[in-house]
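A.B. asks: I have a structure here, written as structure tokens, and I will follow up with some questions on it.
The values are calculated or read from the model by the stated rules, or taken from the named source; none is laboratory data. The structure displayed is predicted, hence computed values, not measured ones. Cβ placement follows ideal geometry from the backbone for every residue including glycine, while neighbour counts extend to all protein chains displayed. Each accessible area value is taken on the protein alone, full model and side chains, heavy atoms only, with ligands, DNA and RNA left out. Shrake-Rupley method; radii C 1.70, N 1.55, O 1.52, S 1.80 Å.
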Amino acid sequence: MTIAIPTIPPKEKSTINESPGMRMLLSAYSHLDEAAERLQLSSGMHQRLRNCERSLTVALPILNDEGEIEVYTGYRVQHTNVRGPCKGGVRYHADVSLEEVTALAQLMTWKCAVLNLPYGGAKGGICVSPNALSENELRRLTRRYTYAIMPIIGPKQDIPAPDVNTDERTMAWMSDTYSAFHGQATHEIVTGKPIILGGSHGRAGATGLGVAIIAESTLKRNNFPVEGTKVAVQGFGKVGYWAAFYLAQDGCKVVAVSDVSGGYYNPDGLDVEKMFNYTRTSPTRTLEGCQDEFAVERITNEALLTLPCDVLIPAALEDQITSRNADQIQAKFIVEGANGPTSAGADKILAERGIIVVPDILANGGGVTVSYFEWVQGLQAFPWEIEVVHRNLRQFLDIAFRQVYDFSERNNVNLRQGAFMLGISRVAEAIIQRGIFP
Ligand code: NAD
């Protein structure tokens, strides 16, 4: 187990081969650098914000089902705890790297600050293809990882949550391992856990509901009616489905959705709920073949992004809207459900074309907000009804939306620049108030 505090010189020219993780890290730095310049932060403060407070790399030996030793690599990176304990998900993926986890930890800091949650950012992950492991192997790996990062996590220190390829079952294993070592039930060590172990009502649909709330606020702010607005959603998972569901419930016309199997389009609108029910029984658990059951035209994933619609919600993967397709986007508004779906090159083209982009650190903040509510409920040992969760979520998102929009207009910047500037300025102000130790 090694604990290393990386020091990264500002504005380095990378000679390292640019892996996806490194690209993500350089993009995170460029957002910070641009905001730091506009905010006229001192170079010392800029350096402080660029560096993560702690990054931990762990070797994870487990016995596979055949009794052989296999060793995986895991990470936990804490960007800063200046505004409160660190908070961020744990992902299991073959592409997980220290660079990727570092970038995502930094983005979590700005997201929490934009939403005014009393947290700093963290992220963790294991470099593994989870589909290649049995449930028993995954459980052993999760327990070993929890044990390995235990010196730096805690309910008032760093609270992990699910992310790509992890879920409430993973969180239950993490909570159980931490509790066993501490001799007491400490379920508030994680969020996104099963409701029976102190999970929050409304967590499952929180990110998608948040995306829908922010999309509707954007329409209203631009004097655009919600009723009948045409929406296309890329990705039909935890974020995409719930965003489509809530927008349809509020009167929008969801004209297209897509998942890993392809895109499905009907300009007169889709029945989102029926299509979701279809995925629950389809052999691949996807929308594959649904054109035989519903009045939908099958299209490619690429085609979905450039359909005629009012609102486009990328809610699948990063780097989907790039300089290759940005000039063909027909939507008037893009609301980022996924993390990092728009490249920097695309951002410029979209801005020139007058397309409004609501950035991920605002648009998909509903998930971490309800995670915060779950943590509060756990610390108080007092569960909330779903109505209380939804009322508070709406209030947090309404405030954050108004603050980002007003700040961006006042400073004559776009919403992404405004959201980064607002989040970063709050963290910088907290550092100034606390002072530099010793
Ligand atoms: P998920 O695994 O539940 O869903 C992903 C969906 O995208 C699936 O329907 C999948 O089939 C689809 N997909 C995969 N490749 C695709 C492609 N090429 N074209 C179209 N669709 C494709 O994941 P999720 O939790 O919904 O997360 C989606 C994004 O939102 C990720 O970027 C994630 O980091 C981000 N996010 C998630 C949360 C959360 O609470 N789940 C919170 C904030 C941000």
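A.B. asks: Going through the stretch 21-44 one residue at a time, which ones are of a type in the set (Gly, Ala, Ser), in a helix (DSSP H, G or I), open to solvent by 40 Å² or more (accessible area, probe 1.4 Å) and modelled with pLDDT of 95 or more? Don't jump to the end; show me each part of the working.
C.D. replies: Restricting attention to the stretch 21-44, the residues satisfying the condition of being of a type in the set (Gly, Ala, Ser) are 21, 27-28, 30, 35-36, 42-44.
Checking which are in a helix (DSSP H, G or I) leaves us with 21, 27-28, 30, 35-36, 43-44.
Keeping just the survivors that are open to solvent by 40 Å² or more (accessible area, probe 1.4 Å) gives 27, 30, 43-44.
Listed by number, the residues that qualify are Ser43, Gly44.
A.B. asks: Among the residues of the stretch 110-120, is any surrounded by fewer than 23 Cβ atoms within 10 Å (Cβ to Cβ) and of a type in the set (Gly, Ala, Ser)?
C.D. replies: No, because not a single residue in the stretch 110-120 is surrounded by fewer than 23 Cβ atoms within 10 Å (Cβ to Cβ) and of a type in the set (Gly, Ala, Ser).
A.B. asks: Looking at this structure, is Leu312 assigned to a strand (DSSP E or B) and within 16 Å of the ligand (Cβ to nearest atom)?
C.D. replies: yes
A.B. asks: Just a yes or no: is a residue in the stretch 255-265 hydrophobic (A, V, I, L, M, F, W, C), at pLDDT 95 or above, within 16 Å of the ligand (Cβ to nearest atom) and more than 22 Å from the chain's Cα centre (by Cα)?
C.D. replies: So far as the stretch 255-265 goes, yes, one or more of its residues are hydrophobic (A, V, I, L, M, F, W, C), at pLDDT 95 or above, within 16 Å of the ligand (Cβ to nearest atom) and more than 22 Å from the chain's Cα centre (by Cα).
A.B. asks: When you scan the stretch 50-57, do you find a residue that is more than 16 Å from the ligand (Cβ to nearest atom), over 26 Å from Thr191 (Cβ atoms) and of a type in the set (A, V, I, L, M), even just one?
C.D. replies: Looking through the stretch 50-57, none of the residues is more than 16 Å from the ligand (Cβ to nearest atom), over 26 Å from Thr191 (Cβ atoms) and of a type in the set (A, V, I, L, M).
A.B. asks: If you don't mind, there's one more thing I want to ask. Are any residues in the stretch 151-162 within 14 Å of the chain's Cα centre (by Cα) and away from the ligand (no atom under 13 Å from the Cβ), and if so, which ones? Give the steps one after another, and end with the answer.
C.D. replies: First, pick out the residues of the stretch 151-162 that are within 14 Å of the chain's Cα centre (by Cα): 160-162.
Listed by number, the list holds a single entry, Pro160.
A.B. asks: Follow-up. Return the residues of the stretch 349-400 that are in a helix (DSSP H, G or I), touching a residue at least 12 places away in the same chain (Cβ under 8 Å) and away from the ligand (no atom under 16 Å from the Cβ); say none if nothing qualifies. So that I can check it myself, show each step before the final result.
C.D. replies: Pass one, the stretch 349-400, residues in a helix (DSSP H, G or I): 349-352, 360-363, 366-380, 386-400.
Filter once more, keeping what is touching a residue at least 12 places away in the same chain (Cβ under 8 Å): 349-351, 360-363, 366-375, 377-379, 386, 389-390, 392-394, 396-400.
Matches in the stretch 349-400: Ile349, Leu350, Ala351, Gln377, Gly378, Leu379, Ile386, Asn392, Arg394, Asp398, Ile399.
A.B. asks: More than 12 Å from Ser200 (Cα to Cα) and within 16 Å of the ligand (Cβ to nearest atom), is that true of Phe437? Don't jump to the end; show me each part of the working.
C.D. replies: Numbers: more than 12 Å from Ser200 (Cα to Cα): yes; within 16 Å of the ligand (Cβ to nearest atom): no.
Judged against the criteria, Phe437 is not a match.
A.B. asks: Among the residues of the stretch 286-304, which ones are within 9 Å of the ligand (Cβ to nearest atom) and either not assigned by TED's automatic domain parsing to the domain that holds Gly240 or not hydroxyl-bearing (Ser, Thr, Tyr) (or both)?
C.D. replies: Leu287, Asn301, Glu302, Leu304
Conditions (1) crowded, with 17+ Cβ neighbours inside 10 Å; (2) modelled with pLDDT of 95 or more; (3) under 26 Å from Ser258 (Cα atoms), marked per residue:
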residue	(1), (2), (3)
Phe333	yes, yes, yes
Ala344	no, no, yes
Gly354	no, yes, yes
Phe401	yes, yes, no
Asn412	no, yes, no
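A.B. asks: Now for a separate question. Just give me the residues in the stretch 163-211 being in contact (Cβ under 8 Å) with a residue 40 or more places away in the chain, assigned to a helix (DSSP H, G or I) and within 16 Å of the ligand (Cβ to nearest atom), in sequence order.
C.D. replies: Residues satisfying the conditions are Thr170, Ala206, Thr207, Gly208, Leu209, Gly210, Val211.
A.B. asks: Moving to a separate point now. Of the residues in the stretch 219-233, how many are open to solvent by 10 Å² or more (accessible area, probe 1.4 Å) and either under 19 Å from the mean Cα position of the chain (by Cα) or in contact (Cβ under 8 Å) with a residue 24 or more places away in the chain (or both)?
C.D. replies: Quick first cut of the stretch 219-233, residues open to solvent by 10 Å² or more (accessible area, probe 1.4 Å) only: 220-228, 230.
Among the residues that remain, those that are also either under 19 Å from the mean Cα position of the chain (by Cα) or in contact (Cβ under 8 Å) with a residue 24 or more places away in the chain (or both) are: 221-222, 224, 226-228, 230.
The qualifying residues number 7.
A.B. asks: Confirm whether Tyr278 is outside any loop (DSSP other than H, G, I, E, B), within 16 Å of the ligand (Cβ to nearest atom) and over 21 Å from Asn364 (Cα atoms). Outline the logic, then answer.
C.D. replies: Details: outside any loop (DSSP other than H, G, I, E, B): yes; within 16 Å of the ligand (Cβ to nearest atom): yes; over 21 Å from Asn364 (Cα atoms): yes.
Criteria met by Tyr278.
A.B. asks: Please determine whether any residue of the stretch 418-438 is open to solvent by less than 40 Å² (accessible area, probe 1.4 Å), more than 23 Å from His79 (Cα to Cα), part of a helix (DSSP H, G or I) and in contact with a helix residue (DSSP H, G or I) (Cβ under 8 Å, 6 or more places away or on another chain).
C.D. replies: no
A.B. asks: Oh, and also: Looking at (1) open to solvent by 20 Å² or more (accessible area, probe 1.4 Å); (2) in contact with a Leu (Cβ under 6 Å, 6 or more places away or on another chain), find the lone condition where Gly210 falls short.
C.D. replies: Result: Gly210 passes all but (1).
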